[in-house]
1. Considering the range 54-67 alone, what residues qualify as being without any contact (Cβ under 8 Å) to a residue 12 or more places away in the chain and part of a helix (DSSP H, G or I)?
2. Looking only at the range 39-53, decide whether some residue is farther than 30 Å from L115 by Cβ and not in a helix (DSSP H, G or I).
3. Looking for something in contact with a Phe, Trp or Tyr (Cβ under 6 Å, 6 or more places away or on another chain), crowded, with 18+ Cβ neighbours inside 10 Å, not in a loop (DSSP other than H, G, I, E, B) and not β-branched (V, I, T) - is there at least one such residue anywhere in the range 85-103?
4. Checking the conditions here, which among W112, W142, W63 is of a type in the set (F, W, Y) and at pLDDT 85 or above?
5. Looking for whichever is crowded, with 18+ Cβ neighbours inside 10 Å, within 18 Å of L19 (Cβ to Cβ), touching a helix residue (DSSP H, G or I) at 6+ places or on another chain (Cβ under 6 Å) and among the small types (G, A, S) here; the options are A76, A72, A43, A54. Which one fits?
Amino acid sequence: MPHILGVIHPPGYAFYTLLAKAWQTLVPVGSVAYRTHLLSAAAGALTVTLVYGAVRQLTPPAWRGLRAFLPAVSAAFSLAVATDLWQHASHANAHIVTVTLAALGTFLLLRWWRLETTAPPVPLSTNGEEERRDMEAPLHVWRGVGVR
């Protein structure tokens, strides 16, 4: 259905339909069905990568060597061998794109948090008071993202 921009069923997975159509247009490999399956596989691989990145954001900066990478590698490997992930990533499926977007949102929020906690406080007034910005705005933005 994404090939003709048709509605699959109500609610129709509009975001997935547009994303799959763009993918089918930009990736000229094989048949339309093969390209759509390839989108799901790429989304699954990207999800594993984003989980690695999210856990790396939680790793204390003072940790060095294997100790710094082991938690992120363990989390990514656990997801990479999970049958549920590849059950959805091995065929054209809107659910894997939803999981990828959730992982992307988590990674971006953690990255933003990491940058905010390592950056100097932002002056909010001219009288010298300084405060760190809270996470209210990005959380509201991410909560408002609807994919299904």
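The values are calculated or read from the model by the stated rules, or taken from the named source; none is laboratory data. Small disclaimer: the values here were computed from a predicted structure and weren't measured. Note: ideal-geometry Cβ built from the backbone for every residue, glycine included; neighbour counts use all protein chains shown.
1. Of everything in the range 54-67, those that are without any contact (Cβ under 8 Å) to a residue 12 or more places away in the chain and part of a helix (DSSP H, G or I) turn out to be L66, R67.
2. no
3. yes
4. W63
5. Being crowded, with 18+ Cβ neighbours inside 10 Å, within 18 Å of L19 (Cβ to Cβ), touching a helix residue (DSSP H, G or I) at 6+ places or on another chain (Cβ under 6 Å) and among the small types (G, A, S) holds for just one of A76, A72, A43, A54, which is A43.
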